[in-house]
Amino acid sequence: MNKISLVLKYFQKENQLTTKNRDYQRTISTLFAWLTDSDKVTNDKTTKFFPHKDTKAIIIAKQNGRIAGLEEVGYLLKKYTKLVFNPKIKDGSEISNKDTIAEISGKAHDILAFERTILNILQRMSGIATATNNLITLINLQFKTHNSQPFIAATRKTPWMQIDKKAVAMGGGLTHRLNLSDGILVKDNHLIFVSIEKALRILTDKYKNELIEVEVTEAKQAYKTISTFNKLNSPNNLALMFDNFTPQIAKQTLTNLRKEFDLSAIIFEASGGIDKNNILLWSKTGVDILSLGSLTHSSKATNLSLEFILLKEFGQKIISF
């Protein structure tokens, strides 16, 4: 299996983040329940005494970007409301200012009650997808490294967990592991209690045909990890995460490692301090994956708006408050 195939096998779990997957159904349903309960959607003091008419609304983009969250919103509205959600484009699609994203049909009270929840999901996920795609576009303008261009990946530094990781995938990035049970990652806090050698012996004894990733903070730990793993003759695959390296040190470390080891089946990830200001330097280091916590904890929400299309007796169009 080549390097790209290995990366996709272990770091891209997008196929699990679908409303056909029961675990994902539970995840987004729990989020929806929390959002709607927090917003007290059954006790809208403003709307409850207004006319309860059948109507339609559209969701419109107010900026360029990538859309995400349509699958989730469609599933949730169908399961928990009487509203009919009709997307006009597909998740992951490029959007432009003033594009119509989706149409919602139903009672006016219901649309108003769920308006903010719908927009919050779509705006957050679309903002993450847009930020991810912007970085990928920036990297792809550069010359190729010794492999391919590095992949962009999510981290677990996120309050919405799998939903945010799905958004990264919609922007063209990797989900990385979805939870603690979804992969093996030996971090610096684990290595307080055991050495790299002992950690690898324990894990290779307990697991077979899996990816074992080890976080390293300096070049000598990378040497120790690879040499120990090779001696164990393990049926597992190996990945190294360069944690808080500079691009220069990461590139030099890889150059030196190639002189000593065959790296063709080892995945190299970099994490810590990577952003739009230095990602071009990182794209030239030779690492396979760049993981950014900022994608999911700091991306700006996409500007979307919900507008009503009212019956003729009420006029043409009104923008919701």
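Return yes when Tyr80 is aromatic (Phe, Trp, Tyr), modelled with pLDDT of 95 or more and either under 23 Å from the mean Cα position of the chain (by Cα) or outside the structural domain of Phe308 (by TED's automatic domain parsing) (or both) and no when it is not.
Against the criterion (aromatic (Phe, Trp, Tyr), modelled with pLDDT of 95 or more and either under 23 Å from the mean Cα position of the chain (by Cα) or outside the structural domain of Phe308 (by TED's automatic domain parsing) (or both)), Tyr80 does not qualify.
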Report summary line: Checked segment 79-138 for anything touching a residue at least 60 places away in the same chain (Cβ under 8 Å), among the polar types (S, T, N, Q) and touching a strand residue (DSSP E or B) at 6+ places or on another chain (Cβ under 8 Å); matches are Gln123, Ser126, Thr130, Thr132, Asn133
Query raised in the report: List the pairs whose first member sits in segment 12-38 and is under 19 Å from Leu119 (Cβ atoms) and of a type outside the set (Phe, Trp, Tyr), whose second member is at pLDDT below 95 and not in a helix (DSSP H, G or I), and whose Cβ atoms are under 7 Å apart, counting only residues at least 6 apart or on separate chains?
Result: Leu31/Trp160
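In the set Lys157, Lys251, which member is assigned by TED's automatic domain parsing to the domain that holds Trp282 and closer than 27 Å to Arg22 by Cβ?
Numbers: Lys251 fails: closer than 27 Å to Arg22 by Cβ.
Matching residue, one of Lys157, Lys251: Lys157.
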Query - Pick from segment 302-316, criterion modelled with pLDDT under 95 and part of a loop (DSSP other than H, G, I, E, B), ranking: surrounded by the fewest Cβ atoms within 10 Å (Cβ to Cβ) - result: Gln316
Query raised in the report: Which residue pairs have Cβ atoms closer than 9 Å, lie 6 or more positions apart in sequence or on different chains, and pair a first residue in segment 42-55 that is over 17 Å from Phe308 (Cα atoms) with a second residue that is among the polar types (S, T, N, Q)?
Result: Thr42/Thr36
Query raised in the report: Assuming Lys88 fulfils every condition listed in (1) modelled with pLDDT of 95 or more; (2) over 17 Å from Phe308 (Cβ atoms); (3) not aromatic (Phe, Trp, Tyr) apart from one, which condition is it?
Result: (2)
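Do you know which of the residues in segment 103-139 that are among the hydroxyl-bearing types (Ser, Thr, Tyr) and over 18 Å from the mean Cα position of the chain (by Cα) is surrounded by the fewest Cβ atoms within 10 Å (Cβ to Cβ)?
So in segment 103-139, the residues among the hydroxyl-bearing types (Ser, Thr, Tyr) come out as 105, 117, 126, 130, 132, 137.
Cutting the leftovers down to over 18 Å from the mean Cα position of the chain (by Cα) gives us 105, 117.
Details: Ser105: 15, Thr117: 21.
Only one residue fits best here, namely Ser105.
So how many residues does segment 201-220 have that are part of a helix (DSSP H, G or I) and either among the small types (Gly, Ala, Ser) or under 23 Å from Leu180 (Cα atoms) (or both)? Show your work before the answer.
Of the residues in segment 201-220, the ones part of a helix (DSSP H, G or I) are 201-206, 219-220.
If we keep only those that are either among the small types (Gly, Ala, Ser) or under 23 Å from Leu180 (Cα atoms) (or both) too, we end up with 201-206, 219.
Matching residues across segment 201-220 total 7.
Suppose the filter is closer than 30 Å to Thr117 by Cα and either basic (Lys, Arg) or out of contact with any Leu (no Cβ under 9 Å at 6 or more places or on another chain) (or both); does Ile136 pass it?
Yes, satisfied.
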Report summary line: Apart from one, (1) crowded, with 18+ Cβ neighbours inside 10 Å; (2) closer than 30 Å to Tyr207 by Cβ all hold for Ile279; the odd one out is (2)
Requested in this report: Spot the failing condition for Lys3; the list is (1) touching a residue at least 12 places away in the same chain (Cβ under 8 Å); (2) over 21 Å from Ala153 (Cβ atoms); (3) more than 17 Å from the chain's Cα centre (by Cα), and only one is missed.
Outcome: (2)
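Looking at Ile196, Ile163, Ile184, Ile212, which is the one that is touching a Lys or Arg at 6+ places or on another chain (Cβ under 7 Å) and crowded, with 17+ Cβ neighbours inside 10 Å? Outline the logic, then answer.
On the way: Ile163 fails: touching a Lys or Arg at 6+ places or on another chain (Cβ under 7 Å); Ile184 fails: touching a Lys or Arg at 6+ places or on another chain (Cβ under 7 Å); Ile212 fails: touching a Lys or Arg at 6+ places or on another chain (Cβ under 7 Å).
Being touching a Lys or Arg at 6+ places or on another chain (Cβ under 7 Å) and crowded, with 17+ Cβ neighbours inside 10 Å holds for just one of Ile196, Ile163, Ile184, Ile212, which is Ile196.
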Report task. Among what's in segment 10-43 and is buried (at least 16 other Cβ atoms within 10 Å of the Cβ) and assigned to a loop (DSSP other than H, G, I, E, B), pick the residue that is farthest from the chain's Cα centre (by Cα). Result -> Val41
Query raised in the report: Would you say Val7 is surrounded by 17 or more Cβ atoms within 10 Å (Cβ to Cβ), assigned by TED's automatic domain parsing to the domain that holds Val168 and in contact with a strand residue (DSSP E or B) (Cβ under 8 Å, 6 or more places away or on another chain)?
Result: yes
Report task. Give the residue that is surrounded by the fewest Cβ atoms within 10 Å (Cβ to Cβ), with candidates limited to residues of segment 228-265 that are free of Cβ contacts under 8 Å to residues at least 12 places away in the same chain and farther than 22 Å from Lys284 by Cα. Result -> Asn233
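The values are calculated or read from the model by the stated rules, or taken from the named source; none is laboratory data. A quick note: this is a predicted structure, and the numbers were derived from the prediction, not measured. Methodologically, a virtual Cβ is constructed for each residue, glycine included, from the backbone with ideal geometry; neighbour enumeration extends over all protein chains shown.
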